[in-house]
Amino acid sequence: MGSVIRVALAEDNVLLREGVSRLVAADKDLELVGVAGDLPELFGVIERCAPDVVITDIRMPPTGRDEGIQAAAWLREH
């Protein structure tokens, strides 16, 4: 039996965030360790939960431009 993949989710749209959360939670090989609605919240989830995978929206608060790309670049560096 393989190990569970720890997933963090970042999405500012509540309906989409809830839907994807339920999909992840329904998969026995995945564990949803945290959700975020904006970039600062995502960084907090990453710091607290140390996920294996981050699923993120590209455009989120606070600016709605490229927060998901910023998060991916930060994750790659660290």
* **Whole-number accessible area per residue in Å² for the chain, which is evaluated in the context of all protein chains at 1.4 Å** => 67 Å²
* Using Cα atoms only, what is the angle between the long axis of helix 14-26 and the major principal axis of the chain, expressed in degrees (0 to 90) to the nearest 10? -> 20 degrees
* **Interchain or long-range residues, amide H under 5 Å from GLU31's placed H** => ILE5, ARG6, VAL7
* To do: May I ask you to evaluate 6.51 cos²θ - 1.76 cosθ + 1.60, the Karplus curve with θ = phi - 60°, for each residue of the stretch 36-43 and list the ³J(HN,Hα) values in order in whole Hz, giving x for glycine and proline?
  => 9, x, 7, 5, x, 5, 4, 4
* **Test item: Cα-centred dipole of the chain, Lys/Arg +1 and Asp/Glu -1 on Cβ, debye** => 100 debye
* Loop sites in the stretch 11-78: trypsin sites (Lys or Arg not before Pro), DSSP, at most 13 other Cβ within 10 Å -> LYS28, ARG59, ARG65
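If the only charges are +1 at each Lys and Arg Cβ and -1 at each Asp and Glu Cβ, what is the size of the charge dipole of the stretch 31-75 around the Cα centre, to the nearest 20 debye?
Values: 3 positive and 8 negative charges, 22 e Å.
Dipole about the Cα centre, nearest 20: 100 debye.
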* Asked: What part of the accessible area of the chain, given as a whole %, is carbon or sulfur when the probe is 1.4 angstrom?
  -> 55 percent
* Structure fact -> Diffing the stretch 56-69: the Karplus 3J(HN,Hα) column from phi (6.51, -1.76, 1.60, θ = phi - 60°), in whole Hz with x for Gly and Pro, holds 9, 5, 6, 9, 9, x, x, 9, x, 9, 9, 4, x, 5
* **Rounded to whole Hz, the Karplus (6.51, -1.76, 1.60) HN-Hα couplings of the stretch 48-54, x for glycine and proline** => 6, 10, 6, x, 7, 9, 10
* Asked: Once amide H atoms are placed 1.01 Å from N in the peptide plane, what residues at a sequence separation of 5 or more from THR56, or on another chain, have their amide H within under 5 Å of its amide H?
  -> ALA10
* To do: Could you pull the Cα extents of the chain along its three principal axes, largest to smallest, in whole Å?
  => 41, 30, 17
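The values are calculated or read from the model by the stated rules, or taken from the named source; none is laboratory data. All values reported here derive from a predicted model rather than from experimental measurement. Here the Cβ is made from the backbone with ideal geometry for all residues, glycine too, and neighbour counts use every protein chain on show. Side chains are part of the model used for accessible areas, which takes the heavy atoms of the whole protein and leaves out ligands, DNA and RNA. Shrake-Rupley method; radii C 1.70, N 1.55, O 1.52, S 1.80 Å.
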